[in-house]
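The values are calculated or read from the model by the stated rules, or taken from the named source; none is laboratory data. The structure presented is a predicted model; accordingly, all values stated were derived computationally and were not measured. Neighbour counts run over all protein chains shown; Cβ positions are idealised from the backbone, glycine included. In case anyone asks, the SASA skips ligands and DNA or RNA and just uses the protein heavy atoms, side chains included. Shrake-Rupley method; radii C 1.70, N 1.55, O 1.52, S 1.80 Å.
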Amino acid sequence: MKGAPFPSAGRLAAGDGGRLVLPVVLCATFVQLLNVTIAQIAAPAIQADLGAGSGAVQLILAGYTLTYACLLITAARLGDRYGYRRLFMLGTVVFTAGSAAAACAPDAAFLIAARLVQGAGSGLVAPQVLSIIQVTVPAARRPRALGLFGATMGVASLAGPLIGGLLVGADLFGLGWRSVFLVTVPVALVSLAGATVLPRTRGAAGQRVDGVGVSLTTVGFGALVLPLALGGETGWPWWTWAAPAVSAAVLGCFALTLPHRPDPLVDPSLFRDRRARAGVLLVFVFNTGVPSFTYLLFLHLQSALGYPALTAALTSAPFAAAAVLGSRGAPALARRHGPAVLTASALILAGTALALGPLIGTAAGRWAALPVQALGGAAFGSFTASVFALVLARVDGSAAGSVSGLLPTAQQLGGSIGVAAAGLVYFAPAADPGAAFRHAMLYEAAVFTATALISLRLRDRNRLAAPRADTARAAETLGTPGT
């Protein structure tokens, strides 16, 4: 989808509600990303209470990010046509309904359906957040706003397990795991109430939704994730092997037919820009290791080592705390060192995964793992707070609008696939639970190493200087709605 002209940001931000816009949209972003990981620590309790198999549990976790990712591209175009505030409010209502339904789920099938609804609500909201930031925040303040946006995403994804552990451990009102879904309802309602201060803006007149593109992307993404989530539980029937081929064919058809459609969901120039392709791939690959990294850690601590949910959450606290510090320092590092920040952060995360494999298995090692987690958390915060701006700074203007919409899609789709793939590695035959965890950490190390290698493709050989100007230009383009 191509960018559209906007009303004056300064004029919109100057209204009485202008100062409240950023807290409202960041609150929505926080609760969306919180739900990616908050269910992870409750997974063993859900499995025991509902009698769910490992495949069903993986689908409970991955189903949210599946519908989230599948709707992002479409929701961006819907916001352009019908208005960003209208889509923001609709998505928040859908998300709230899904959260309440998940808290009341009588069985695993109902919970999976509720998580799909939750993800659909988040998918409708997320593109509107970037568009609203663009039209309400003046250009001079936009880099800071986008830095807060990136930090919110990183902190929310790590706060999920900690908050989930506190809730499951406290067992408030005897709700057990259900409280991890119920707690998001009041936060979502606050966002819905605050939506009254959001602008009634939309993209250019005449925007249309590409129905063919919507169908192709939905089928293609779904066929990619479902076999990973359900294959192990169902014994890998023939359809789990055929589905990836169907996904490749459908998504290939989507890419090939883009130049021939009057209102394509994605600007065809994206596929001609090497750095644009590398940036989308970078975000996708990185997120196949996140949130699966925390998923594997909490799964092992609870299921194999017998940690209560609260203890497991506190064990990972250094990672989350250091991520906050890493995200605060990321903008300065990105301005000075450019994509090298991404490379170094990914390599540190790979080393963290390799070190945690043997350390988590012993009592002494778990103490030694605390500073290792802190180092990895700082790297995680640095990566997530700077990757969007650094990618967009190196994308040609014609592809920038498409990339700004595809990056969140790659983020959520990567997370959905990563959780399923990491679960397959962990549950594969192994000598003992410790060996299974080490195998899973090898998977994580491989993902982060691949991330580091891909980040090298973002280096601009012709313009190694002026990273500050590049980052400023990225701040301008990141808010452009749609893809």
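On a per residue basis, the chain carries 37 Å² of accessible surface, using protein heavy atoms and a 1.4 Å probe.
Here the label points at residue 140 and residue 249, each 7 Å from Cα along the C-beta direction, are separated by 5.7 nm in the simple model. Only protein atoms count toward the accessible area here, which uses a 1.4 Å probe; on the chain, the carbon and sulfur part of that area reaches 68 percent.
Full extension of the segment from residue 171 to residue 456, taken as 0.36 nm per residue of separation minus the current Cα-Cα distance, would add 97.9 nm.
Which one of 117, 199, 244 has its Cα pushed farthest toward the positive end of the charge dipole of the chain, where Lys and Arg give +1 and Asp and Glu give -1 at the Cβ? Ranked along the dipole, the leading option is 199. Only helices enter the 222 nm calculation for the chain: every DSSP H run of n ≥ 4 contributes -39,500 (n - 2.57), and dividing by all residues gives -25500 deg cm²/dmol, rounded to 500. Between residue 193 and residue 431, the C-beta separation translates, for a Förster distance of 60 Å, into a calculated FRET efficiency of about 0.65. The slack between residue 208 and residue 109, meaning 0.36 nm per residue of separation minus the straight C-alpha distance, is 32.1 nm.
Once Cα extents along the principal axes in Å is calculated for the structure shown, the corresponding label among (i) 60, 58, 47; (ii) 58, 49, 48; (iii) 112, 71, 43 turns out to be (ii). If you take the Cα centroid of segment 212-266 and the Cα centroid of segment 326-371, the two points sit 34 Å apart.
Between residue 93 and residue 257, the C-beta separation translates, for a Förster distance of 56 Å, into a calculated FRET efficiency of about 0.95.
Taking 7 Å steps out from each Cα toward its Cβ at residue 304 and residue 48 produces label points 1.9 nm apart. If R0 is 45 Å, the Cβ-Cβ spacing of residue 274 and residue 19 corresponds to a FRET efficiency of close to 0.65.
Spin-label model, residue 328/residue 239: points 7 Å from Cα along the beta carbon direction are separated by 5.1 nm. Across the chain, Cα pairs under 8 Å and at least six residues apart give a relative contact order of 25 percent.
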